[in-house]
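Worksheet for the structure shown next.
The values are calculated or read from the model by the stated rules, or taken from the named source; none is laboratory data. Since we're looking at a predicted model, the values are computed, not measured. Quick reminder, even Gly has a Cβ in these numbers, built from the backbone with ideal geometry, and neighbours come from all protein chains shown.
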Amino acid sequence: MTATAPKSRKHLCADSLIRLIHETLSQVPDHRPNRVKGKITLTDAFMSAFAMMHLKYATLLDFDREARTEELQYNLSHLYRVQGRIPCDTHMREILDPVDPIELRKPYKKLFAQVQRGGQLDAFKHPVGEFKNLHLLAVDGTGLYYSGKCRCQECCVKNEGKPSEAYYHQMLAACLVHPDRKVVLPLAPEPIVHQDGSTKNDCEKNALKRLLAHTKREHPHLELAIVLDGLYADAPTIELIKSYGWHFIIVAKDGNHGSLVEAMDTLDENGQVKRLESCEDNGTRHWYRYAESVPLNKSDPGQVNVLDYVETDKKGQRHTWCWVTDLPLNEETVYLIMKGGRSRWRIENETFNTLKNHGYNLEHNYGHGKQHLATNMAYLTILAFLVDQIQQLACPQFQKALSGKPRGARVYLWKMIIQHFQSWLIESWDELFTAMIQGQVARRIQIDTS
Ligand SMILES: [Zn+2]
């Protein structure tokens, strides 16, 4: 077998990453009584479900149907380490439903450590002033699933008690982002559950508290600036972030932060704000107005630094933003903080959009269960996305297979992978990517007429 990836980055290619996921998930204790001989192991159920997500099957039924073929069984055993039988759709749901989702955080941490070990985390470094090792962590919520019928213990409820009562799941995602990179690095997400509150704001803020606590515990030495939308520009969230020793760049909206806008205008009238303008070679103009130690609102003594920003593009269209931050604002840093604040859109575009519209089927219902199934399936979907993102960042073979493709390259790549999966007996991901890069020799169908 040809090994084309440089040795130093092998640990960031699919064979190693999936081996690590298998090792981690094989340590999850089985919740079932250990009586049935020949039962499908929890690890095989995990790896089968992970394979379904990573191969981008749209439904559990599709996967179940094809997983019975010789090719799929062979390839699932060699590429996803499924060692015994593959559970049917109903059985997979039954096995995974009671698993505590906290167990599925573990492979995220292991994969992150691999990226760190390889020095690839430096690709996400965004130094601002004296904070040389700063990384941007964008956090935002998204919907996963909506139903008028099925309900589990974690479902949020809409129109409770009314004929239109409906159930839904949401999740708070957190990704390391960089202004100049399309690749994002998701940390383990945090489910927003029924117990989180009755309003959207309460739910997201309570989930954020858990997400930040998990992040600090799992990555205690990471120097972070948390990048958030306007929902979170309040004193309790800011104090919480600061209590962990991190920084923040949060959108402030006119409608929600009237007193902050007034305070900036008053400072401006008194000549206490600074301004900066610059123009790029392509005609894009940047305008900044900034001040430090501005009261966030009238009722709270907490103070923030405020950056107003207007971009005028080469067609003359204006786009405006305002952020609050604790990072120092000066001629050297305003551009960097603006870039950091704007990189928040990567969690909407590069993450949620990709997860929902480019193969990962995040909003599909793979089964709801009664306890944690919907959440566990979402964890495995985002884990599959993480494996692909790491490969896109650092696996030369994956990059090569992806390069030179037209628009929609990734969706094309998923299609090619599944075609190979259905047609060949494959020993490893290394072999699969080599075959895809080199191309297969066209051949006629062979029919045995004897
Ligand atoms: Zn539910």
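Return yes when Tyr309 is closer than 27 Å to Glu239 by Cα and assigned to a helix (DSSP H, G or I) and no when it is not. Talk me through it step by step, then tell me what you get.
Numbers: closer than 27 Å to Glu239 by Cα: yes; assigned to a helix (DSSP H, G or I): no.
No, not satisfied.
Yes/no matrix, rows are residues, columns are (1) more than 16 Å from the ligand (Cβ to nearest atom); (2) within 22 Å of the chain's Cα centre (by Cα); (3) β-branched (Val, Ile, Thr); (4) not assigned by TED's automatic domain parsing to the domain that holds Leu96:
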| position | (1), (2), (3), (4) |
| --- | --- |
| Arg342 | yes, yes, no, yes |
| His358 | yes, yes, no, yes |
| Asn361 | yes, yes, no, yes |
| Ala378 | no, yes, no, no |
| Ala394 | yes, yes, no, no |
| Gln419 | yes, no, no, no |
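Tell me, yes or no, whether the range 176-184 has at least one residue that is at pLDDT 90 or above and farther than 21 Å from Ala384 by Cα.
Our first condition is that a residue be at pLDDT 90 or above; within the range 176-184, this holds for 176-184.
With the extra rule that they be farther than 21 Å from Ala384 by Cα, the set shrinks to 179-180.
The answer is yes, given that some residue of the range 176-184 is at pLDDT 90 or above and farther than 21 Å from Ala384 by Cα.
Here is a list of conditions, (1) part of a strand (DSSP E or B); (2) surrounded by 15 or more Cβ atoms within 10 Å (Cβ to Cβ), and Met338 meets all of them except one; can you say which number that is?
For Met338, the exception is condition (1).
Could you tell me whether the range 186-201 includes any residue that is touching a helix residue (DSSP H, G or I) at 6+ places or on another chain (Cβ under 7 Å), modelled with pLDDT under 90 and in a helix (DSSP H, G or I)? Steps first, answer last, please.
Step one: of the range 186-201, the residues touching a helix residue (DSSP H, G or I) at 6+ places or on another chain (Cβ under 7 Å) are 186-192, 196-197, 201.
Next cut, modelled with pLDDT under 90 only: 196-197, 201.
The next check asks that each one be in a helix (DSSP H, G or I); those that pass are 196, 201.
Scanning the range 186-201, I find at least one residue that is touching a helix residue (DSSP H, G or I) at 6+ places or on another chain (Cβ under 7 Å), modelled with pLDDT under 90 and in a helix (DSSP H, G or I), so the answer is yes.
Could you identify the single residue in Leu212, Leu172, Leu240, Leu231 that is part of a helix (DSSP H, G or I) and buried (at least 20 other Cβ atoms within 10 Å of the Cβ)?
Values: Leu172 fails: part of a helix (DSSP H, G or I); Leu240 fails: buried (at least 20 other Cβ atoms within 10 Å of the Cβ); Leu231 fails: buried (at least 20 other Cβ atoms within 10 Å of the Cβ).
Only one candidate qualifies: Leu212.
If I go through the range 360-377 residue by residue, how many of them are among the small types (Gly, Ala, Ser) and either at pLDDT 95 or above or surrounded by fewer than 23 Cβ atoms within 10 Å (Cβ to Cβ) (or both)? Let's see the steps before the verdict.
If we filter the range 360-377 for residues that are among the small types (Gly, Ala, Ser), which is where we start, we get 367, 369, 374.
Next, only the ones that are either at pLDDT 95 or above or surrounded by fewer than 23 Cβ atoms within 10 Å (Cβ to Cβ) (or both) stay: 367, 369.
The total comes to 2.
For the range 128-186, which positions are of a type in the set (D, E, K, R), over 24 Å from the mean Cα position of the chain (by Cα) and away from the ligand (no atom under 16 Å from the Cβ)? Walk me through how you get there before you give the answer.
Initially, the range 128-186 is screened for residues of a type in the set (D, E, K, R), giving 130, 132, 140, 149, 151, 154, 158, 160, 162, 165, 180-182.
Still in the list and also over 24 Å from the mean Cα position of the chain (by Cα): 130, 132, 149, 151, 158, 160, 162, 165.
Listed by number, the residues that qualify are Glu130, Lys132, Lys162.
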